[in-house]
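**Q** Sharing a structure here in structure tokens format.
The values are calculated or read from the model by the stated rules, or taken from the named source; none is laboratory data. Quick caveat, the model's predicted, so the values are computed rather than measured. Ideal geometry is used to build each Cβ from the backbone, glycine not excepted, and the neighbour counts take in all protein chains shown. Side chains are part of the model used for accessible areas, which takes the heavy atoms of the whole protein and leaves out ligands, DNA and RNA. Shrake-Rupley method; radii C 1.70, N 1.55, O 1.52, S 1.80 Å.
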Amino acid sequence: MRFYTLFICLLFLYFMLINLMPAYAYKEVSVSDGGIITGKVVFKGRVPKRTIIPTKDKSVCGGMRKEPKILVGKNKGVQEGIVYLKKVKQGKAWPAQESAPVLDQKNCRFSPNVQIIRKGDLEILNSDPVLHNTHGYLCKKLGKQCKRTVFNLALPNQGQTIKKKLKRAGTVKVDCDAHGWMLGWVQVVDNPYYAITDNDGAFTITDVPPGKHTLVAFQGYTGGVEIPLTVKAGQRLEVEAQLKK
């Protein structure tokens, strides 16, 4: 009986340590023969809309309105789409970062509404003269099963900033407990091979190490798609990622 109890305790400790340990640490190396991935994220269905009915702070937040759940430009290109490569262990250097990225709340909207950051500090700012309770949830899947709280911060004062360290890569869904219609997305990445699509849904990822990769394209309301691909040395690879409801 004692042996069985000891075995269960050791097994539990093992899985706890596995969950706490990072899968790998990204290594910066010279990439002289890297490829380029360019492409477009598209949504070809009818654009869904949501009705926003502010119940408080209307002088700051505005009145009732309808907003598209997904921003689609010409030729069905998805704006503010998140694109990145999974599990790249080594490659180009991280882009220079002079200060921590900022998640602002202005006129009861998150700004930027979508952003990609590396693991580390995120500054959460309240630019409104009303209380915001900013709540971030880590998603198990891309935009789905977002339940685990990674930050829950009350910012009652205009101009107030709280810094929060995001230690784990993944999708973070952000809302406001005081203004339930507010919604934003923060994609935390563990390698520098990422992009946000422009107004036409286009993106470019440069200096990609030759080899097999998995490209992920994602937009909050639609979920995401994963595309396996092979990049050859010096190749320019064109990709279209189609998102669905």
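**Q** Can you tell me which residues in segment 192-234 are touching a residue at least 40 places away in the same chain (Cβ under 8 Å), assigned to a strand (DSSP E or B) and of a type in the set (S, T, N, Q)?
**A** T204, T206, T214, Q219 - these are the residues of segment 192-234 that are touching a residue at least 40 places away in the same chain (Cβ under 8 Å), assigned to a strand (DSSP E or B) and of a type in the set (S, T, N, Q).
**Q** Could you please tell me which pairs satisfy a Cβ distance under 6 Å, a separation of 6+ or placement on different chains, a first residue in segment 79-96 that is acidic (D, E), and a second residue that is assigned to a loop (DSSP other than H, G, I, E, B) and modelled with pLDDT under 95?
**A** Hits for this filter: E80/L71.
**Q** Taking the residues in segment 148-175 that are in contact with a strand residue (DSSP E or B) (Cβ under 6 Å, 6 or more places away or on another chain) and more than 27 Å from V216 (Cα to Cα) as candidates, determine which candidate is least open to solvent (accessible area, probe 1.4 Å).
**A** Taking the candidates together, the pick is L155.
**Q** Also: Would you mind stating whether K87 is open to solvent by 40 Å² or more (accessible area, probe 1.4 Å), of a type in the set (K, R) and at positive phi? Break it down stepwise before answering.
**A** Working: open to solvent by 40 Å² or more (accessible area, probe 1.4 Å): yes; of a type in the set (K, R): yes; at positive phi: yes.
Criteria met by K87.
**Q** I'm told P129 meets every condition in (1) in contact with a strand residue (DSSP E or B) (Cβ under 9 Å, 6 or more places away or on another chain); (2) in contact (Cβ under 8 Å) with a residue 12 or more places away in the chain except one. Can you identify the failing condition by its number?
**A** (1)
**Q** Shifting gears a bit: Please work out which one of (1) in contact (Cβ under 8 Å) with a residue 12 or more places away in the chain; (2) assigned to a loop (DSSP other than H, G, I, E, B) is the condition T55 fails and give its number.
**A** Status for T55: all satisfied but (1).
**Q** Regarding segment 194-205, can at least one residue be identified that is under 15 Å from the mean Cα position of the chain (by Cα) and open to solvent by less than 30 Å² (accessible area, probe 1.4 Å)?
**A** yes
**Q** Select, from Q187, Q105, the only residue that is in contact with an Asp or Glu (Cβ under 7 Å, 6 or more places away or on another chain), at pLDDT 95 or above and open to solvent by less than 20 Å² (accessible area, probe 1.4 Å).
**A** Of Q187, Q105, the one residue that is in contact with an Asp or Glu (Cβ under 7 Å, 6 or more places away or on another chain), at pLDDT 95 or above and open to solvent by less than 20 Å² (accessible area, probe 1.4 Å) is Q105.
**Q** So, of the residues in segment 206-233 that are over 30 Å from K58 (Cα atoms), at pLDDT below 95 and touching a Ser or Thr at 6+ places or on another chain (Cβ under 9 Å), which turns out to be surrounded by the fewest Cβ atoms within 10 Å (Cβ to Cβ)?
**A** Of everything passing the filter in segment 206-233, G224 is surrounded by the fewest Cβ atoms within 10 Å (Cβ to Cβ).
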